Amino acid sequence: MKLSLKFLVVGTILGLLSIPAHAEWQLNNSDSSLYYVTSKAAAISEINTFTNLSGAISDDGTATLEIDLASVDTAIEIRDQRVRDILFEIQEYPTASITIEIDSSALANLATGSYSITNYDYSLSLHGMTAELNADLRLSKTSDSRIEIQPAQPIIIGAGLFGLAAGVEALREVAGLPSINPNVVVDFSLSFDEGM
């Protein structure tokens with residue numbers, strides 16, 4: 001009897017030790033979105049998006065997002081192809097990636113139904129170049145098993161920061177436009193579900 005009790009206690013302790021303090025969160029692509037707004041000819045603005053995103057928030061609070069640049073959707077097929085080939089040059093640079101260090105304890109202590117707004121440093125790798133940037137992000141715990149991340153204010157990204165200015169100019173020429181603004185406004189809503 002004492003022996004079985006010992007095994008029960010040891011088994012329970014080992015079971016508790018095997019449970020991680022914080023579970024990893026996986027990006028839910030179908031419930032997430034990432035848009036950027038372009039401006040051309042001084043007065044025309046258009047919304048573009050990427051349909052294939054992946055990412056996670058690890059146990060230590062490292063959040064990653066990978067953008068499949070081939071999934072760009074500008075609502076015009078020929079323009080999608082030009083953006084993929086001329087601007088992003090996806091044959092050589094197929095993805096963009098973002099890494100943010102989030103305070104894992106603050107994330108764990110975020111109550112369901114609440115949110116926090118914090119200024120985060122993040123790194124953005126695009127077109128073979130990496131820039132260190134920062135933004136105010138809103139982290140919301142919308143349920144016990146879901147976290148959403150959105151910008152607290154618009155984010156502006158300049159093409160020149162990633163060696164894309166020449167590609168923007170090439171797009172302008174092939175489209176016969178008087179101008180294309182090299183800066184884009186980025187907006188997103190990323191949903192992360194708690195992993196098993």
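The values are calculated or read from the model by the stated rules, or taken from the named source; none is laboratory data. Source: prediction; values computed, not measured. Here the Cβ is made from the backbone with ideal geometry for all residues, glycine too, and neighbour counts use every protein chain on show.
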Of a type in the set (Val, Ile, Thr), surrounded by fewer than 16 Cβ atoms within 10 Å (Cβ to Cβ) and touching a Leu at 6+ places or on another chain (Cβ under 8 Å): is that true of THR118 in this structure? yes
Within the stretch 72-94, the residues that are crowded, with 16+ Cβ neighbours inside 10 Å and part of a helix (DSSP H, G or I) are ARG79, ASP80, ARG82, VAL83, ARG84, ILE86, LEU87, PHE88
Are any of the residues in the stretch 95-115 within 17 Å of the chain's Cα centre (by Cα), aliphatic (A, V, I, L, M) and exposed (fewer than 15 other Cβ atoms within 10 Å of the Cβ)? no
Is there a residue in the stretch 149-170 that is of a type in the set (Asp, Glu) and crowded, with 18+ Cβ neighbours inside 10 Å? no
Select from the stretch 131-145 the residues that are hydroxyl-bearing (Ser, Thr, Tyr) and either surrounded by 13 or more Cβ atoms within 10 Å (Cβ to Cβ) or not in a strand (DSSP E or B) (or both) and list them in ascending order. SER140, THR142, SER145
Answer yes or no: is there a residue in the stretch 100-122 that is under 18 Å from PHE162 (Cα atoms), part of a strand (DSSP E or B) and hydrophobic (A, V, I, L, M, F, W, C). no
Looking for something over 18 Å from LEU87 (Cβ atoms) and among the polar types (S, T, N, Q) - is there at least one such residue anywhere in the stretch 50-57? yes
List the pairs whose first member sits in the stretch 172-196 and is modelled with pLDDT of 95 or more, whose second member is outside any strand (DSSP E or B) and among the basic types (Lys, Arg), and whose Cβ atoms are under 6 Å apart, counting only residues at least 6 apart or on separate chains? ILE180/ARG172
Breaking point among (1) at pLDDT below 95; (2) of a type outside the set (A, V, I, L, M, F, W, C); (3) part of a strand (DSSP E or B), for GLU66: (1)
Within the group ILE67, ILE90, which residue is out of contact with any Phe, Trp or Tyr (no Cβ under 6 Å at 6 or more places or on another chain) and under 27 Å from SER39 (Cα atoms)? ILE90
